1. Keeping the other protein chains in place, figure out the carbon and sulfur percent of the accessible area of the chain, with a 1.4 Å probe.
2. Between ALA285, ALA357, ALA376, find the one with the highest GNM mean-square fluctuation for the chain; connect C-alpha pairs within less than 10 Å.
3. Using a 1.4 angstrom probe, figure out how much accessible area the chain has per residue, in square angstrom, rounded to the nearest whole.
4. Pick from THR312, THR76, THR157: which residue has the top mean-square fluctuation in a GNM of the chain where Cα pairs under 10 Å get a spring?
5. Given contacts defined as C-alpha pairs under 8 Å and at least six residues apart, what's the relative contact order of the chain, whole-number percent?
6. Test of understanding: in a Gaussian network model of the chain with alpha carbons linked when under 10 Å, which of TYR248, TYR193, TYR353 would top the mean-square fluctuation ranking?
7. Distance cut-off 30 Å, Cα to Cα: go down the list LYS49/LYS344; LYS198/LYS344; LYS120/LYS198; LYS101/LYS390 and report the pairs above it.
8. Which of rounded, prolate, oblate describes the range 149-264, given a ≥ b ≥ c as roots of the alpha-carbon gyration tensor eigenvalues and a/c under 1.5 marking rounded, otherwise prolate only if a/b is larger than b/c?
Amino acid sequence: MSITSFNPPVRTLMGPGPSDVHPRVTGAMARPCIGHLDPAFVDMMDEVKQMLQYAFQTKNQLTIPVSAPGSAGMETTFMNLLERGDKAVVCQNGVFGGRMKENVERCGASPIMVEDDWGKPVDPQKVEDALKANPDAKLLAFVHAETSTGARSDAETLSRIAHDHDALVLVDAVTSLGGNELRVDDWEIDAVYAGSQKCLSCTPGLSPVSFSERAIEVITTRNSKVQSWFLDTNLIMGYWGPNAKRAYHHTAPVNALYALHESLVMLQDEGLENAWARHDNNHLALRAGLEAMGLSFIVAEDYRLPQLNSVTIPQGIDEASVRSRLLNEFNLEIGAGLGALAGKVWRIGLMGYSSRAENIVLCLSALEAVLADMGAEINTGVALPAAYAKLNM
Ligand SMILES: *Cc1c(COP(=O)(O)O)cnc(C)c1O
């Protein structure tokens, strides 16, 4: 065997995540590993919690990063809140609502499905009807920013409807955190999970979660133990605590947490609202370019996500060869369609550190070069000026 060090190619990541990691974040990761109970590390954990409260706009004490990717945050919220025999209303308008259903079933609970077309937001009227028909539903679960389609649902309205029916609100904010408006306290969200690798400019592998007082009440008065030992917040809080004497639960991913800390410092320095505005403005520039080229968005303007752009593929073009040419010739990754949208759209991400002018210009010029070379019917020479005019440079 003569396997040598792995040196990944340097790519520009404009898919559905992971997105480009800021050099400050990779730099932070390379700092020395210290013990996960070292007082210096414990102080850093407290800062992470405080900065996550800012990112989520919440005062929730139980606001911590789960030591695993977004999917583990999803499991943490469902496993802790649901018990065997419970009922949960689950909205599905893309891939991730389907995973929520799986989670509910694996908790031994029954999902009541509210379905909307892929590319559409969750319909509040259908949610209202489902909660009316199921007054015993314990919670309402939905995806705020559906990364598989690029649609944003109205979290504030859906949350209000759920509370009117005495149901808890569980929200997937993996792609929203740091990318578009999310106000956990103002919108009275009871349980929320996110991811480090989408709009936070951080590496994959951590999932910030937050639980309201009402949710904690439900968790601490469960009849049965949480099925998962690792994700049981009753146990995790012994380590992440408020006021807890920090006790060993699992070894925290020390260097990954340095990375999250650094990305949250950057978010704090930029300002949350400025980060949201940056995602919006850069989306408008990319959009101007793509539309000038002749591509169209599949999600209606009112609920289009700025950080995830789903666009149609020109007639007669093999979308997979376009993506592999972008990767091979320009080191540029864009996303394919998922599930019902496979083969029908590209998903171009402008998340976190990927949401910047250089990436927009690279994406538009590379896409135009490849599409023109493949003989696609697009308008050439117009995308860059259209985008540039929106970049305010
Ligand atoms: C990416 C994503 C997830 C899953 O996160 P992983 O880090 O891949 O486990 C869940 N929900 C949404 C909306 C996502 O975009």
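1. Numbers: 8140 of 16220 Å².
Of the solvent-accessible surface of the chain, carbon and sulfur hold 50 percent.
2. ALA376
3. Averaged over the residues of the chain, the accessible area is 41 Å².
4. Evaluated over the chain, the most mobile residue of the options is THR157.
5. After rounding, I find 24 percent.
6. Comparing TYR248, TYR193, TYR353 in a Gaussian network model of the chain, the most mobile one is TYR248.
7. On the way: LYS49/LYS344 40 Å; LYS198/LYS344 23 Å; LYS120/LYS198 21 Å; LYS101/LYS390 40 Å.
Table pairs above 30 Å Cα-Cα are LYS49/LYS344; LYS101/LYS390.
8. Verdict is oblate for the range 149-264.
The values are calculated or read from the model by the stated rules, or taken from the named source; none is laboratory data. Predicted model only: the values in this text are computed from it and were never measured. Cβ coordinates were reconstructed from backbone atoms using ideal geometry, including for glycine residues, and neighbour counts include every protein chain displayed. In case anyone asks, the SASA skips ligands and DNA or RNA and just uses the protein heavy atoms, side chains included. Shrake-Rupley method; radii C 1.70, N 1.55, O 1.52, S 1.80 Å.
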